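Here is the structure we will look at, set down as structure tokens.
The values are calculated or read from the model by the stated rules, or taken from the named source; none is laboratory data. All values derive from a computational prediction rather than experimental measurement. All Cβ positions, even for glycine, are placed from backbone atoms using ideal geometry, and neighbour counts span all protein chains on display.
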Amino acid sequence: MKENNQKEVARIKELESTNLATDEIRDLVIETKKEVERDNEILAEKVHQTLIKHNVKSFDIVGAIGAGKTALLEAIVEKLSPKYKILVICGDITTRVDANRIERHNAETIQINTGRECALNAYHIHQIIKNKDLDEYDLIFIENVGNLICPSDFILGTDKRIIVVSITEGEWVVEKHPMLFKMSNIAVINKIDLLKRLGTNLEKMVSDAKNINPNIEVITTSAKTGENIDKLMALMNIKIL
């Protein structure tokens, strides 16, 4: 086989999902997706303004399964629940595992099971807050469904989005998932208590995050040991009273 042909066979053609549609329906697929995104943005803004009106600080936490989102929330809630009224909304395909873990630290939790949907959207959050007396809360945390792809399609109307990755995911995880880093205010690199054992290039992960989004705040943490949890809350503008 000639060299050029070998390269052609070896090359994997990159395709957007819309390219898999036939010519006849491609425009409809694209327009439908745009309409969904516009509707979500309108509802997210409504959610945001409602939370501002009631003086509730809100955070959307995204990250892959196993990055440590729930463990970080447990550590944060344990520190804050004696002084703040907290609502945590947990998104997952099924089960109440994460909500039950967080609830043990004296925060009210609501579980949203999304079934086949791989991310929360503004409609989910709107349905929750419209049935709550928001004057009863100081802080709302939203733990999104665990993955680094789907949540980039939907903003939720929170004050800040926090993306959580861990050194166990490898030093390339940031550059492989740039979209959520572009959309986030804070990047948390978790599980640094394992750094010596794993030898992950932490500097590369921090540098990649800043190169993708120069405005993002990057912090390293260990939910297990509690390292830098207070600094993370400071970045979130939450005071430990």
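Is it true that residue 239 is within 23 Å of residue 83 (Cβ to Cβ) and part of a loop (DSSP other than H, G, I, E, B)?
In short, yes.
Among the residues that make up the range 74-87, is at least one of them among the basic types (Lys, Arg) and in contact (Cβ under 8 Å) with a residue 60 or more places away in the chain? Spell out how you get there, then give the answer.
Taking the range 74-87 as the starting set, the residues that turn out to be among the basic types (Lys, Arg) are 79, 83, 85.
Filter again for in contact (Cβ under 8 Å) with a residue 60 or more places away in the chain, leaving 79, 83.
Checked against the condition, which is being among the basic types (Lys, Arg) and in contact (Cβ under 8 Å) with a residue 60 or more places away in the chain, the range 74-87 yields at least one hit.
Using the structure shown, decide if residue 83 is among the charged types (D, E, K, R) and part of a helix (DSSP H, G or I).
No: the conditions fail for residue 83.
Output the residues belonging to the range 212-236 that are in contact (Cβ under 8 Å) with a residue 24 or more places away in the chain and in a helix (DSSP H, G or I).
The answer is 212, 229, 230, 232, 233, 235.
Suppose we keep only residues that are at pLDDT below 95 and over 17 Å from the mean Cα position of the chain (by Cα) within the range 84-95. Which one would you say is surrounded by the most Cβ atoms within 10 Å (Cβ to Cβ)?
The qualifying residue surrounded by the most Cβ atoms within 10 Å (Cβ to Cβ) is 95.
Only one of these is at pLDDT 95 or above, of a type in the set (D, E, K, R) and farther than 19 Å from residue 72 by Cα: 191, 132. Name it.
Answer to the selection: 132.
Restricting to the range 103-133, give me the number of residues that are in a helix (DSSP H, G or I), within 16 Å of residue 62 (Cα to Cα) and without any contact (Cβ under 8 Å) to a residue 40 or more places away in the chain.
Going through the range 103-133 one residue at a time, the tally reaches 1.
Taking the residues in the range 180-216 that are surrounded by fewer than 20 Cβ atoms within 10 Å (Cβ to Cβ) and touching an Asp or Glu at 6+ places or on another chain (Cβ under 6 Å) as candidates, determine which candidate is farthest from residue 150 (Cα to Cα).
201
Condition first: buried (at least 17 other Cβ atoms within 10 Å of the Cβ) and under 24 Å from residue 182 (Cβ atoms). Now tell me which residues in the range 217-234 satisfy that.
If the condition is that a residue be buried (at least 17 other Cβ atoms within 10 Å of the Cβ) and under 24 Å from residue 182 (Cβ atoms), then 217, 218, 219, 220, 221, 228, 232 are the ones that fit.
Take the range 166-179 and flag every residue that is surrounded by fewer than 22 Cβ atoms within 10 Å (Cβ to Cβ) and within 18 Å of residue 227 (Cα to Cα).
168
Check off (1) more than 19 Å from residue 223 (Cβ to Cβ); (2) of a type in the set (A, V, I, L, M, F, W, C); (3) part of a loop (DSSP other than H, G, I, E, B); (4) modelled with pLDDT of 85 or more for residue 43 and give me the number that stays unchecked.
If we test residue 43 against (1) more than 19 Å from residue 223 (Cβ to Cβ); (2) of a type in the set (A, V, I, L, M, F, W, C); (3) part of a loop (DSSP other than H, G, I, E, B); (4) modelled with pLDDT of 85 or more, just (3) comes out false.
Please work out if residue 175 is among the acidic types (Asp, Glu), modelled with pLDDT of 95 or more, more than 25 Å from residue 237 (Cβ to Cβ) and outside any helix (DSSP H, G or I).
In short, no.
Is at least one residue of the range 191-207 in contact (Cβ under 8 Å) with a residue 60 or more places away in the chain and under 18 Å from residue 142 (Cα atoms)?
No: zero hits.
Looking at the range 126-152 only, could you name the residues that are of a type in the set (Asp, Glu) and under 11 Å from the mean Cα position of the chain (by Cα)?
143
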